[in-house]
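The values are calculated or read from the model by the stated rules, or taken from the named source; none is laboratory data. Note that the structure is a prediction, hence the values are computed from the model and not measured. Cβ placement follows ideal geometry from the backbone for every residue including glycine, while neighbour counts extend to all protein chains displayed. Just so you know, the surface numbers come from the protein's heavy atoms only, side chains and all, with ligands and any DNA or RNA stripped out. Shrake-Rupley method; radii C 1.70, N 1.55, O 1.52, S 1.80 Å.
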Amino acid sequence: MILSRLVTTALVLVALVPVVTAEDLRYPGDEQPVSAIVEALSTKRPLALKPVGTSSVVFRMDLEGPIESAWKPRTKLHPQGHLAEVAAFRIGRALGMDNVTPAVPRSLPLDMVRSLLGSNASRWPEISQQVLPDGDTLQGTAIYWIPDMHELGLDTKEGALRWSKWLAQDGSLPERDKLASQAQDLSAMLVFDYLIGNWDRFSGANAQGDHGERRVFVRDHNVAFAEPLPRQLH
């Protein structure tokens, strides 16, 4: 019980403490400055919300300006999931990882959420049964909407067998093989996931990359920081 409270407290603190970095990282793929992404996610006016989640509640949130966002509210299924996204980004940035997707706290009034649904307003009764509002406000997290993602095949059975053997130094790959250019991101991602207790990387669409197939995007961390972590997931 005490450890569980400590984990929850740590999540809240990591999500709220300001980020300080020695240099301004740029997100791979489109090379947007991470600081510009964070500012847009934090301050730009929401224009519309579109439900896009399958296994969890998540929206595409159109913002003023060129940078777009996903928005994950606090839900009954994952009451700390929105904070886990922010904490993962803060830890990744503190470690100097440029490919952990930016995520910032962003709460919205319930009335605004309903109005921004627009033509999807009929979904609100269903959504309202899954979220956990705080009075008239719904806590959540704005997450960078990566404009250009490409499936790399890393979470297929064949792909996992191929890269796990290579990272274990059981064989080699020619330099022209796309996996050779992804090796640094893959190895760092595995260590990062172990560090934050993220067991859901290879369940589908959470290990995609840029269309050049050079970089891997480290994204979707709403189940990280779970305590206790069941043995089979560990």
Taking the condition of being buried (at least 16 other Cβ atoms within 10 Å of the Cβ) and part of a strand (DSSP E or B), how many residues in region 144-167 meet it? 1
Counting only residues that are open to solvent by 20 Å² or more (accessible area, probe 1.4 Å) and polar (S, T, N, Q), which one in region 128-143 is farthest from Ser55 (Cα to Cα)? Thr137
Hey, among Glu39, Glu68, which residue is under 11 Å from Pro102 (Cα atoms), modelled with pLDDT of 95 or more, of a type outside the set (Val, Ile, Thr) and out of contact with any Gly (no Cβ under 8 Å at 6 or more places or on another chain)? Glu39
For region 176-211, what are the residues that are over 16 Å from Ala160 (Cα atoms) and either open to solvent by less than 40 Å² (accessible area, probe 1.4 Å) or touching a residue at least 60 places away in the same chain (Cβ under 8 Å) (or both)? Phe192, Leu195, Ile196, Gly197, Asn198, Asp210, His211
Could you tell me which numbered condition Ala226 fails, if it satisfies all but one of (1) closer than 25 Å to Thr54 by Cβ; (2) not in a loop (DSSP other than H, G, I, E, B)? (2)
Between a first residue in region 28-46 that is part of a helix (DSSP H, G or I) and a second residue that is open to solvent by less than 30 Å² (accessible area, probe 1.4 Å) and among the aliphatic types (A, V, I, L, M), which pairs have beta carbons less than 7 Å apart while being 6 or more apart in sequence or on different chains? Val34/Leu25; Ile37/Ile67; Val38/Val104; Ala40/Leu63; Ala40/Ile67; Leu41/Val104; Leu41/Ala142; Ser42/Val104
I need a count of the residues in region 83-104 that are over 11 Å from Val38 (Cβ atoms) and assigned to a strand (DSSP E or B). 1
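Results for (1) open to solvent by less than 60 Å² (accessible area, probe 1.4 Å); (2) over 30 Å from Ser181 (Cα atoms); (3) within 18 Å of the chain's Cα centre (by Cα); (4) at pLDDT below 75, shown as yes or no for each residue.
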site: Gly29; (1), (2), (3), (4): yes, no, yes, no
site: Pro33; (1), (2), (3), (4): yes, no, yes, no
site: Pro46; (1), (2), (3), (4): yes, yes, no, no
site: Met61; (1), (2), (3), (4): yes, yes, yes, no
site: His82; (1), (2), (3), (4): yes, yes, yes, no
